[in-house]
Amino acid sequence: MWSRKFWKVGVVAALAAALSACGSNDSGAIRVRLVDAPGDYQALNLDVRRVEIHGEGGGWIVLGTPNVEVDLLSLTGGVSATLVDGATIPAGRYTQLRLVLGPKNTVTLTDGSVHDLTVPSGQQSGVKLTVNFEVAPNTTRDVLVDLDAHRSVFVHEAGASEKFMLRPTVRAVDVLATGAITGRLTDSASGAGLPGVLVTAQALSATGEPSIVRAALTGPDGSYLLDLLDAGGTYYVVSQPVVGATVYAPRASGAIAIAGVTPVLGWNGAFDVAPQVGMLSGGIAPAASESQADEVQVRQSLDAGGSPRTFIVRTAPGTVASGTESYSVPSVPAGAYTVLATRRTVDADGNETVTVSAPVNASVPAAGTATADLALP
């Protein structure tokens, strides 16, 4: 079943849990959908065999066995694929969801070549997603699980060929208590919209550490929608546009508070062309194993509504080849940055731990390359 309830641009897998009374006072109904997913590939197919959920008071409950192959990258523009529709579920608190996958997972590159996509633990313990919601008798609830495929595919060289790994970047939200930020990114000189640009909603911790909460691509006219933002949170819209051969300096909005249920707030950004451009690259040590995935974050201090704040302006995956790991970030405006790596490790049961490298300062020169080697504990 295909539906068009949501219009998003981002890489998302969604658990839409319509939890309502279903013939008794202690159960409800649940459906599971996959929605949205742009990225740097032509297709990203997942072989979804079984969907399960776990509550505080018991083991895993099988919600359904869809046995379907879904191209995540086809689920843009509001299209969604229903995996489970109408499964009964007991009242109570639920803490985990998992997708148990089959062997037919593939990624299609921009050159049209198709490669197997390895999902460690995906066929055994499943791809586990943390959720946290209460199902009360005679209530209805929607929960979405956001899977960012743009940041979830990594390359490990195996002999003379490349091995593509899926390490999902996910989060779960209650759709009934979320808001959105929408707007348009433009060239400050011409006013023309900036199409196909990655734009993120970021949150800052109490110590000022940035994290990407939601990502989207702008449309043909430069418009964007960052939805599924938790009500009660404060967010900043951040982008460093690259349109064809034109590179723009990064910008950030001021603080945008999502104060109520399903509010839609706005921010329009006009961007200046960067006068000088270089690139960043380096090594990551020790190299990631097949059960690990590394993401490099390029951070910079930007004006955020009159106050300087540090944001993630670019990200890049680590690539393992011949036993060593490296990364490369092209089209970076010349200037000072801080670079670090985060490593996610998944054990045999599908549980994930995260480690972070020490930050390294780097100054990107005009028409040159800055090297920032990163060391993980």
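Points to keep in mind about this one:
- With q set to 0.16, 0.17 Å⁻¹, the log10 of I(q)/I(0) for region 197-354, from the Debye formula over equal scatterers at the Cα positions, is -1.01, -1.10.
- Nonlocal amide H pairs with residue 178, under 5 Å, H built at 1.01 Å: 231, 262
- Cβ crowding within 10 Å ranks 331, 205, 253 as 205, 331, 253, fewest other Cβ atoms first.
- Among 312-318, 354-360, the order from most to least packed when residues are scored by Cβ within 10 Å on average: 312-318, 354-360
- Subtracting the Cα-Cα distance of residue 67 and residue 234 from their residue separation scaled by 0.36 nm leaves 56.2 nm.
- FRET efficiency estimate (nearest 0.05) - Cβ-Cβ, residue 358 to residue 203, R0 22 angstrom: 0.45
- The length gained on full extension between residue 157 and residue 255, counted as 0.36 nm times the residue separation minus their Cα-Cα distance, comes to 31.1 nm.
- Computed packing ranks the peptides 214-227, 265-278 as 214-227, 265-278, most packed first, by mean other Cβ atoms within 10 Å.
Just so you know, all these numbers are worked out from the coordinates, no wet-lab data involved. For clarity, every value in this text was computed on a predicted model and none was experimentally measured. Glycine also receives a Cβ, built like all others from the backbone with ideal geometry; neighbour counts cover every protein chain displayed.
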